[in-house]
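What follows is a set of notes on a single structure, which appears directly below.
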Amino acid sequence: MRVAVLGAGSWGTALGATLASKGFPVRVWDIDREVLAAIADRHENARYLPGVALPPSLTASPDLAEALDGAELVVIVVPSHVVRTVVEQARPLLNDRVVFCSAAKGIEVETLMTMSEVLRDVLPEGMHQNLTFLSGPSFAAEVARGLPTAVTVAGTCETVTRRVQEAFHTTFFRPYTSTDVTGVEIGGCVKNVVAIAAGISDGLEMGANARAALITRGLAEISRLAVCRGADPLTLVGLSGLGDLMLTCSSTLSRNHTVGVELGRGRSLDDIKAALGQVAEGVLNSRSTRELALKHGVDMPISEAVYRVLYEGYSPAEAVPELMMRTPKPENGGYSRGGTVDGDVGFRP
Ligand SMILES: NC(=O)c1ccc[n+]([C@@H]2O[C@H](COP(=O)([O-])OP(=O)(O)OC[C@H]3O[C@@H](n4cnc5c(N)ncnc54)[C@H](O)[C@@H]3O)[C@@H](O)[C@H]2O)c1
């Protein structure tokens, strides 16, 4: 099976290398020709994964038509805010049988669409059953080094999802399948916002209790949003929910957590962006998450506080006592799926 990977950043390269390690011919494409040249000539992505030797069957092309030629599996791993543009470019070059796996995490700021909604919007209906979404606790740098990792692949057609699972499955990379695309997507996206909150807390030296509280209450508000959009609450305590949230909130490898730490230490967002050289996705996701929460009437106090710190000049030190002094509530209230089920976290036999 021939594979095309759209996006040769850290995650695109790591996923491409994983597939190539199984012997699949994989071609990566990107707008960054320098990165592609290094992959093609030296089998190294010096910018995003320096020092990692890439398999020879991982090749690169700056020509989208060439990258997609004969591909049966197309993996989309560009930042979420450019997924629409990239898939629009690719659409005329694809046939109906191509299977997609999107590994981008985010909610489009302009439309509030998740990545599955963006793909369904751009691609013809006949291709919708071929869409899958990969998410979970997975730092690219670790996957690229062959360290053990488990993720979720979600899709509406079980046969297609199982094919993608099988394609990615190696001794170090273990995908589980799910039919809950919404739950997998919301968990993977909103965790970046909570990671900024956890980073802020760490930057303010609020301690381990505070971080654990943010992770847990962050999960509660992610779950409220996901369940109100039809997700299964169990998905949110799985790899793409709690798993990814724990990883992103507690490791210095996370760009979102780093943004939060620097905000907590009193640096401005502009300074942080300049130092990082890129926008951490949680910064954009914070805006779209807030809009989505308002649209659905879902209470998301941690995400709201992060939004205000990022976009309204709210001081992180002020946010903490405000969150602590909100009206006391039952721990498991506020879930709603087709009716009020307050007090029910949704675990079913
Ligand atoms: N890095 C990780 O560990 C990781 C893990 C899981 C999921 N993800 C998700 O994967 C996606 C990509 O993340 P990443 O970390 O690889 O990002 P990255 O910043 O390392 O790389 C992004 C790549 O996209 C390319 N790109 C940007 N705009 C483009 C365009 N218009 N057309 C073509 N290429 C374009 C850039 O040149 C770059 O090579 C994100 O949605 C992220 O949330 C990343």
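The values are calculated or read from the model by the stated rules, or taken from the named source; none is laboratory data. Model, not experiment: these values are computed from the prediction. Methodologically, a virtual Cβ is constructed for each residue, glycine included, from the backbone with ideal geometry; neighbour enumeration extends over all protein chains shown. Quick note on the areas: whole protein, heavy atoms, side chains included, nothing else; ligands and nucleic acids left out. Shrake-Rupley method; radii C 1.70, N 1.55, O 1.52, S 1.80 Å.
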**OP:** Test LEU245 against the criterion of being open to solvent by less than 20 Å² (accessible area, probe 1.4 Å), more than 16 Å from the ligand (Cβ to nearest atom), within 24 Å of HIS296 (Cβ to Cβ) and modelled with pLDDT of 95 or more, and give yes or no.
**Re:** no
**OP:** Kindly check whether there is at least one residue in the range 80-93 that is in a helix (DSSP H, G or I), under 23 Å from VAL181 (Cα atoms), in contact (Cβ under 8 Å) with a residue 24 or more places away in the chain and of a type in the set (S, T, N, Q).
**Re:** yes
Subject >> Cβ-Cβ under 6 Å pairs, at least 6 apart or on other chains, the range 270-282 side in contact (Cβ under 8 Å) with a residue 60 or more places away in the chain and in the same structural domain as THR252 (by TED's automatic domain parsing), far side among the polar types (S, T, N, Q) and open to solvent by less than 70 Å² (accessible area, probe 1.4 Å) >> reply: ALA280/ASN256; GLU281/ASN192; GLY282/ASN192; GLY282/ASN256
Original post:
When residues of the range 16-39 are filtered for being open to solvent by 50 Å² or more (accessible area, probe 1.4 Å) and either hydrophobic (A, V, I, L, M, F, W, C) or more than 30 Å from GLN165 (Cβ to Cβ) (or both), how many remain?
Top reply: 3
**OP:** Could you tell me whether the range 6-14 includes any residue that is surrounded by fewer than 22 Cβ atoms within 10 Å (Cβ to Cβ) and away from the ligand (no atom under 12 Å from the Cβ)?
**Re:** no
**OP:** Run down ARG224, ARG211 and say which single residue is open to solvent by 50 Å² or more (accessible area, probe 1.4 Å) and among the basic types (Lys, Arg).
**Re:** ARG211
Subject >> Restricting the range 143-176 to residues that are free of Cβ contacts under 8 Å to residues at least 24 places away in the same chain and not hydroxyl-bearing (Ser, Thr, Tyr), the residue that is least open to solvent (accessible area, probe 1.4 Å) >> reply: GLN165
**OP:** Report whether or not MET206 is farther than 20 Å from GLU117 by Cα and part of a loop (DSSP other than H, G, I, E, B).
**Re:** yes
Subject >> Filter result for PRO50 (assigned by TED's automatic domain parsing to the domain that holds THR114, out of contact with any His (no Cβ under 6 Å at 6 or more places or on another chain), open to solvent by 80 Å² or more (accessible area, probe 1.4 Å) and more than 10 Å from the ligand (Cβ to nearest atom)) >> reply: yes
**OP:** Search the range 55-77 for residues being in contact with a Gly (Cβ under 8 Å, 6 or more places away or on another chain) and either outside the structural domain of ARG162 (by TED's automatic domain parsing) or open to solvent by less than 10 Å² (accessible area, probe 1.4 Å) (or both), and hand back the single one that is nearest to THR18 (Cα to Cα).
**Re:** LEU58
Original post:
Which ranges mark the helices (runs of 4 or more DSSP H) fully within the range 231-323 that have 1 or more residues being farther than 24 Å from GLU142 by Cα?
Top reply: 233-236, 255-264, 269-276, 281-296, 301-311
Subject >> Checklist (1) more than 14 Å from the ligand (Cβ to nearest atom); (2) in a helix (DSSP H, G or I); (3) open to solvent by less than 40 Å² (accessible area, probe 1.4 Å); (4) within 23 Å of THR13 (Cα to Cα) applied to MET127, failing item >> reply: (4)
